[in-house]
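Each remark here refers to the structure printed beneath this line.
What follows is calculated from the coordinates using simple rules that are stated; it is not laboratory data. Owing to the predicted nature of the structure, the values given are computational and were not obtained by experimental measurement. Every residue, glycine as well, gets a Cβ built from its backbone with ideal geometry; the counts of neighbours run over all protein chains shown.
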Amino acid sequence: MINRHIFFPSLVIILSLLVLVGITQFQLPSYQAAPVGAGFFPAVIAIIQILICGVLIIQHKNKKSHKKEEPLISKKSIFGIVYLIGYTILITLIGYLFASLISFTFYLVYFKIKKPLYYAIAWIFVFTIYYVFGEVFYIALPEGLLFY
C-alpha cells in the first residue's frame, strides 16, 4: 500500500521542481512598476514547499512507531480539494478580498470554531495580504469578473 506520508510530499517536491523550471519562462511585467519580477513569489513558494516536504519525509522516516496505515484519500482530503476548487472559483468571480473573507469564514464555521479571535485573525490576515501586495509590492490581486 502506498504510504501517504511519503507519497504526497514527494509529489509536491516533484511539482515544485517543475514549477521552478517553468518560472524561468515568465517574462518581466512591462505594465507594472514592481520591485520584483513575475517569477519571484512562485519561486519562493516552490522552494519553501520543497523544504517543508523534505522535512515531513525525514520526520516520517525517523518516527519510531508507525500507527495503522491511513487510507491514501480521506474525507478531510476530499473536503480540502473541494474547498480549494471552490475558493479558486470564488476568486475568479468576486476577487481575492471577498473570496478570501468568505472562504476563511466558511472554513472556521465548517469546523465549528467558536472563538471570535480566530475569525479576527483570519480577517486581519486577509486584509494584511491585500495591503502588502497592493501597496508595498505593487502587485494587483484578482478583482473578480463580477466587479471588473
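Rg ratio for the chain: its Cα radius of gyration over 2.2 N^0.38 Å, N being its residue count, equals 1.26. Measuring nothing but how far apart in sequence close Cα pairs (under 8 Å, 6+ apart) lie, relative to its length, the chain scores a relative contact order of 27 percent. Extension gain, Ile124 to Lys68, is 16.2 nm, computed as 0.36 nm per intervening residue step minus the present C-alpha separation. Between the listed residues Ile129, Tyr87, Tyr119, the Cα displaced farthest toward the positive end of the dipole of the chain, a dipole computed from Cβ unit charges relative to the Cα centre, is found at Tyr119. Summary value for region 72-145: 41 percent relative contact order, contacts being C-alpha pairs under 8 angstrom separated by 6+ residues. Only the Cβ atoms of Lys and Arg (+1) and of Asp and Glu (-1) were treated as charged; on that basis the dipole of the chain about its Cα centre amounts to roughly 960 debye. Any chance you could check the Cα centroid distance between region 112-148 and region 57-103 for me, in angstrom? So the two Cα centres are separated by 19 Å. The protection proxy used here, the mean number of other Cβ atoms lying within 10 Å of each residue, ranks peptides 96-104, 7-15 as follows, highest first: 96-104, 7-15. For region 75-148, the gyration tensor built on C-alpha atoms gives an oblate shape. Its axis ratio a/c (a ≥ b ≥ c) is at least 1.5, and a/b is not larger than b/c. Applying 1/(1 + (r/R0)^6) with R0 = 30 Å to the Cβ-Cβ distance of His60 and Tyr107 gives a FRET efficiency near 0.70. Taking 26 Å as the straight-line reach from the Cα of Lys61, the lysines in range (excluding those fewer than 8 positions away in the same chain) are Lys75, Lys76. Helix 75-94 and the long axis of the chain differ in direction by around 10°, with both axes built from C-alpha atoms.
Comparing Leu141, Tyr110, Pro71 along the charge dipole axis of the chain, the residue lying farthest to the positive side is Pro71, per the Cβ-charge model.
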